[in-house]
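> Before anything else, here's the structure in question.
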Number of protein chains: 2
Amino acid sequence: MADSADIIEDEDVDDEGLPKRLVAAVLDAVASTNVAALNALLNPLHPADVADLLEQIDQRDRATLLFLWRDGIDGEILSELGDDLRSEVIDLLGPAELADAVRDLESDDVVDLVEDLGVDQQEQVLDALEAGNRVAVEKALAYPDESAGRLMQMEVVRAPSHWTVGQTIDFLRASDDLPEQFYHVILVDPRMKPVGYVTLGRLLGTPRLIHLTELLEDSFRTFRVDQDEEEVAYAFNQYHLISAPVVDEDDRLVGVITIDDAMIVLDDEHDEDILRLAGVDAESSLTDKVIATTKRRFPWLAVNLVTAIFASLIISLFEDTIATLVALAVLMPIVASMGGNAGTQSLTVAVRSIATKDLTGANVWRVIRREVLVGLVNGAIFAVVMGIVGWVWFGSPMLGLVIAIAMVINMVVAGLAGTGIPVLLEKMGVDPALASGAFVTTVTDVVGFFAFLGLAAVMLL
Amino acid sequence: MADSADIIEDEDVDDEGLPKRLVAAVLDAVASTNVAALNALLNPLHPADVADLLEQIDQRDRATLLFLWRDGIDGEILSELGDDLRSEVIDLLGPAELADAVRDLESDDVVDLVEDLGVDQQEQVLDALEAGNRVAVEKALAYPDESAGRLMQMEVVRAPSHWTVGQTIDFLRASDDLPEQFYHVILVDPRMKPVGYVTLGRLLGTPRLIHLTELLEDSFRTFRVDQDEEEVAYAFNQYHLISAPVVDEDDRLVGVITIDDAMIVLDDEHDEDILRLAGVDAESSLTDKVIATTKRRFPWLAVNLVTAIFASLIISLFEDTIATLVALAVLMPIVASMGGNAGTQSLTVAVRSIATKDLTGANVWRVIRREVLVGLVNGAIFAVVMGIVGWVWFGSPMLGLVIAIAMVINMVVAGLAGTGIPVLLEKMGVDPALASGAFVTTVTDVVGFFAFLGLAAVMLL
């Protein structure tokens, strides 16, 4: 019987991710209710790949698979599932299987698993935990959503700051409850305030009599439990941190965040930005149902309908002009479209730069000036092209001149609005990724139609 | 004199990134050519923050600052700068300062620093290195661009797979050239093939007589030197790797990649996707000059001009219809705009799902079906709204009906094209983030104008 290792071996190694043939083999095993085949295929897989597989098959196959392979689902697989699917799978598991699945997880993984579940399911999972673990999880859940407290693990390896390398190694060798994963020893003062950290590699490479304080890493930063996880991820990325202590309001060490947690947050934030820029609710996933997806797409489309009607009102001001010269109706979408695209370019650069804190009060005017100049230069080039196209197409040099001027105006405005609107929104505390698009394209549509049709009314008729 | 620590302390701690007041203080010190003040402000900063600061001030101030604070620029600051600015700063430094700056960097950091420089500057930096380091850097530069070989560090801590914990600890304690940063010991077989790895934490927490093979981490993966760095970053993210060995074509261990390197790649890839979706060249940065930016924005705008003209050709087919009923010119952008927005929503979800390998051959038809149904439902809702608006606005129930039908058609097509086009591009080996937008909006513009004006010609005249 082919197991998943054979199938993965066959595929091009360059291509990470789930091989299509593996998914097909699993669906075959599900269809023929072949438990042995399922075990051979699924047991060797990484939990993240099992989760991806569950997301890629349809709901009926998923239910059958979970029925046949109930014992295979563990806490790690549950952690890897998207929120909606996790809820679905927990409902399909019996209480006994659920307890088995979550019992071996560390407290921060359980937090991650349950924080977005409904109250009933959260209770179900918490009931399955041992008392000590449950207390730790409940303590973490008491911290605000998306805070450093939620992200951190509470198991910390620390040492008094006056210790030597030898004392520290002896202490570690004698401990019998070191965390599963740790890479640093955090130095604390007598008040439990973290003062620095030493990597295990440095510890192993240094003579016993040297003091820990001589081995401190430069890039030491602490976070407060209530600090936003987005700020934590930014700092890990900016300062190349590997792990960082978390302190409470009295500056006492209460946990540690490691780079792998920060990487997940960074990845989520990026996804959120990219989806919000396109007017998609960041919570959405590929496994959402039609109704859920429709609801999530609706608000942005509704906003767009309002702004589109607004742009149409501008056009309707010039109905008589268009009636006299229908060529205007043919050409006007070009002016609006070029402005919209130039504006989207500017706004995307601005939104990204705001997110990475590269666009600040110190350089905003310089960036706006640059974007306006870029709009002017590109606008001038496309104005010449479009002026000639308009002239040749409709045999009217004046029509070519009108579209050329409108094009330059709209592309300059696009540069201005594409940078200025996200910066203003950020200053007002609104997420620029979410709202900029609607504003910028409204501006470029309105200006585009108004400039083109207005100039036409004045210059051509 | 205020130094940067005081200023940073004053700011809201929640707000990571460079405080505006710090930038202002640095500019003051530059303006008054006050070297002591510059030292007090800049020396305590993390190299990443110095680099950000250099990016946020203008070119003249930057030149003065570098002249005054020449000795402060080190290799880490150079590494943190964007490509264009790095070149500019290297040109401003004398050969002696450049040599001082790069001499202390590890080989993988030098690779990172020079790989995107011009040949002259690359040579300048290489000349500043010691012979041994230079050989290592040249070896790494021989690997393909954006490969695992470029990303890895060559200093690896390894142990024969038959060793015990005690043997390994003794070996590490006796070594005097352990790398600056390492978190794992890689186990190799006699042919130097990596067979697994053990974390330093596990090593420190385990009795001396236990064999390393009993302590192996589950999530072990190796990469080939020529493998794409994007695949490496995907695997780190998917399988929560902390570090992973890199092997040559004979499966021999040649280096190691750590999660911090992978995080940087992941961050870059995300940026690339988000910018490409908006038609911006991913290489661009906020410090680019007007001409460079104009050139980088131009190609997408040129593509857009062609597609916009194509859409206008469709409109021109219906000039007579529009001449008879100018209301059509007023309403037609609404149909195109709603389709464009719905299409952008679908395509962004599809592009993201392709990047994370969640949208595959196994579920593509299910996702397309969902997107089409979402288009149908939202299309139907907006059709009713827009039908009524059209009827009331222009007093023609038939005009309302025409726009309603066109709206449903265009939003269904948007769902189909928004998912289908990125999937097809991916299959053809074209980056869907780069090209999907132009194709999808062309489809929704053309279908939107054609459906609306065509139905109007048939039903209204």
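> Which of (1) within 13 Å of another protein chain (Cβ to nearest Cβ); (2) under 35 Å from the mean Cα position of the chain (by Cα); (3) surrounded by fewer than 17 Cβ atoms within 10 Å (Cβ to Cβ); (4) assigned to a helix (DSSP H, G or I) is the odd one out, the single condition A:Gly429 does not satisfy?
Every listed condition holds for A:Gly429 apart from (4).
> Against the conditions (1) in contact (Cβ under 8 Å) with a residue 12 or more places away in the chain; (2) small (Gly, Ala, Ser); (3) at the interface with chain B (Cβ under 8 Å from one of its Cβ atoms), where does A:Gly340 fall short? Just the number, please.
(3)
> Read through the list (1) modelled with pLDDT under 90; (2) at the interface with chain A (Cβ under 8 Å from one of its Cβ atoms), then give the number of the only condition that B:Ala235 fails.
All conditions are met except number (1).
> Out of the residues in the range A:285-302 meeting the condition of being within 7 Å of another protein chain (Cβ to nearest Cβ) and among the hydroxyl-bearing types (Ser, Thr, Tyr), tell me which one is farthest from B:Val330 (Cα to Cα).
A:Thr293
> Another question, then. Restricting to the range A:303-318, name every residue that is facing another protein chain (nearest Cβ under 7 Å) and more than 15 Å from A:Pro333 (Cα to Cα).
A:Asn304, A:Leu305
> Next question, about the same structure. Restricting attention to the range A:153-177, which residues are touching a helix residue (DSSP H, G or I) at 6+ places or on another chain (Cβ under 9 Å), more than 21 Å from A:Leu241 (Cβ to Cβ) and assigned to a loop (DSSP other than H, G, I, E, B)?
Residues satisfying the conditions are A:His162, A:Trp163, A:Ser175.
> Next question. Among B:Pro19, B:Pro95, B:Pro44, which is under 24 Å from A:Thr356 (Cα atoms), of a type outside the set (S, T, N, Q) and modelled with pLDDT under 85?
B:Pro19
> While we're looking at this one, here's another question. How many of the residues making up the range B:161-181 are within 13 Å of chain A (Cβ to nearest Cβ) and either over 13 Å from A:Thr199 (Cβ atoms) or touching a Ser or Thr at 6+ places or on another chain (Cβ under 8 Å) (or both)?
The total comes to 12.
> Sort out which residues of the range B:241-261 are surrounded by fewer than 20 Cβ atoms within 10 Å (Cβ to Cβ) and within 8 Å of chain A (Cβ to nearest Cβ), and write them in order of number.
Hit for the range B:241-261 is B:Asp260, nothing else.
> Hey, among the residues in the range A:136-158 that are of a type in the set (A, V, I, L, M, F, W, C) and touching a Phe, Trp or Tyr at 6+ places or on another chain (Cβ under 7 Å), which one's nearest to B:Leu200 (Cα to Cα)?
Among those that are of a type in the set (A, V, I, L, M, F, W, C) and touching a Phe, Trp or Tyr at 6+ places or on another chain (Cβ under 7 Å), it is A:Val157.
> Please find, among B:Asp120, B:Asp108, the residue that is over 21 Å from B:Asp261 (Cβ atoms) and part of a helix (DSSP H, G or I).
None of the other options fit; the residue is B:Asp120.
> Among (1) within 24 Å of B:Leu275 (Cα to Cα); (2) within 7 Å of chain A (Cβ to nearest Cβ); (3) not aliphatic (A, V, I, L, M), there is one condition B:Asn363 misses while meeting the rest; what is its number?
(1)
> Here's something else I'd like to know. What's the total number of residues in the range A:275-284 that are over 20 Å from B:Ile334 (Cβ atoms) and either in contact (Cβ under 8 Å) with a residue 60 or more places away in the chain or touching a strand residue (DSSP E or B) at 6+ places or on another chain (Cβ under 9 Å) (or both)?
Residues flagged as over 20 Å from B:Ile334 (Cβ atoms) and either in contact (Cβ under 8 Å) with a residue 60 or more places away in the chain or touching a strand residue (DSSP E or B) at 6+ places or on another chain (Cβ under 9 Å) (or both) within the range A:275-284 amount to 3.
> Output the residue which, of all residues in the range A:37-74 that are outside any loop (DSSP other than H, G, I, E, B), acidic (Asp, Glu) and over 22 Å from B:Leu241 (Cβ atoms), is farthest from the other protein chains (Cβ to nearest Cβ).
This residue is A:Asp71.
> Also: Does B:Ala329 count as farther than 17 Å from B:Ala451 by Cβ and either in contact with a Leu (Cβ under 9 Å, 6 or more places away or on another chain) or in the same structural domain as B:Ala406 (by TED's automatic domain parsing) (or both)?
no
> Could you list, in sequence order, all residues of the range A:290-334 that are in contact (Cβ under 8 Å) with a residue 60 or more places away in the chain and not hydrophobic (A, V, I, L, M, F, W, C)?
Answer for the range A:290-334, where residues must be in contact (Cβ under 8 Å) with a residue 60 or more places away in the chain and not hydrophobic (A, V, I, L, M, F, W, C): A:Asn304, A:Thr307, A:Thr321, A:Thr324.
> Go through A:Thr199, A:Thr206 for me and flag whichever is under 22 Å from B:Thr168 (Cβ atoms), among the hydroxyl-bearing types (Ser, Thr, Tyr) and more than 39 Å from the chain's Cα centre (by Cα).
Of A:Thr199, A:Thr206, the one residue that is under 22 Å from B:Thr168 (Cβ atoms), among the hydroxyl-bearing types (Ser, Thr, Tyr) and more than 39 Å from the chain's Cα centre (by Cα) is A:Thr206.
> Considering (1) buried (at least 16 other Cβ atoms within 10 Å of the Cβ); (2) in contact (Cβ under 8 Å) with a residue 40 or more places away in the chain; (3) among the hydroxyl-bearing types (Ser, Thr, Tyr), say which one B:Thr213 fails and leave the rest.
B:Thr213 satisfies all of (1) buried (at least 16 other Cβ atoms within 10 Å of the Cβ); (2) in contact (Cβ under 8 Å) with a residue 40 or more places away in the chain; (3) among the hydroxyl-bearing types (Ser, Thr, Tyr) except (1).
> Here is a follow-up. Select, from A:Leu113, A:Leu187, A:Leu129, the only residue that is buried (at least 17 other Cβ atoms within 10 Å of the Cβ) and either in a helix (DSSP H, G or I) or of a type in the set (Gly, Ala, Ser) (or both).
A:Leu113
> How many residues, within the range A:321-339, are over 25 Å from A:Leu376 (Cα atoms) and buried (at least 18 other Cβ atoms within 10 Å of the Cβ)?
Looking only at that region, the number is 5.
> Return the only residue of A:Leu347, A:Leu359 being within 30 Å of B:Asp49 (Cα to Cα), out of contact with any Lys or Arg (no Cβ under 7 Å at 6 or more places or on another chain) and in a loop (DSSP other than H, G, I, E, B).
One residue alone meets the criteria, A:Leu359.
> To continue, here is another question. Output the number of the condition that B:Leu275 fails; it satisfies all remaining conditions of (1) more than 7 Å from chain A (Cβ to nearest Cβ); (2) under 30 Å from A:Glu80 (Cβ atoms).
Unmet condition: (1).
> Another question about this same structure. Check the range B:133-147 and report whether any residue there is buried (at least 20 other Cβ atoms within 10 Å of the Cβ) and assigned to a strand (DSSP E or B).
There is at least one residue in the range B:133-147 that is buried (at least 20 other Cβ atoms within 10 Å of the Cβ) and assigned to a strand (DSSP E or B).
> Can you tell me which of B:Arg369, B:Arg352 is at pLDDT below 95, within 9 Å of another protein chain (Cβ to nearest Cβ) and buried (at least 22 other Cβ atoms within 10 Å of the Cβ)?
Criteria check complete, one pass: B:Arg352.
> Are any of the residues in the range A:215-231 part of a loop (DSSP other than H, G, I, E, B), within 9 Å of chain B (Cβ to nearest Cβ) and among the aliphatic types (A, V, I, L, M)?
no
> Separate question: Residues being assigned to a helix (DSSP H, G or I), within 22 Å of the chain's Cα centre (by Cα), surrounded by 19 or more Cβ atoms within 10 Å (Cβ to Cβ) and among the hydrophobic types (A, V, I, L, M, F, W, C): count how many of those fall in the range A:272-320.
5
> If you don't mind, there's one more thing I want to ask. Working only within the range A:75-87, note down all residues that are crowded, with 18+ Cβ neighbours inside 10 Å and either in contact (Cβ under 8 Å) with a residue 40 or more places away in the chain or away from chain B (no Cβ under 11 Å) (or both).
Hits for the range A:75-87 are A:Gly75, A:Ile77, A:Leu78, A:Leu81, A:Gly82, A:Leu85, A:Arg86.
The values are calculated or read from the model by the stated rules, or taken from the named source; none is laboratory data. What you are looking at is a predicted structure, and each value in this text was computed from that prediction instead of being measured. Note that each Cβ is placed from the backbone with ideal geometry, even for glycine, and that neighbours are counted across all protein chains shown.
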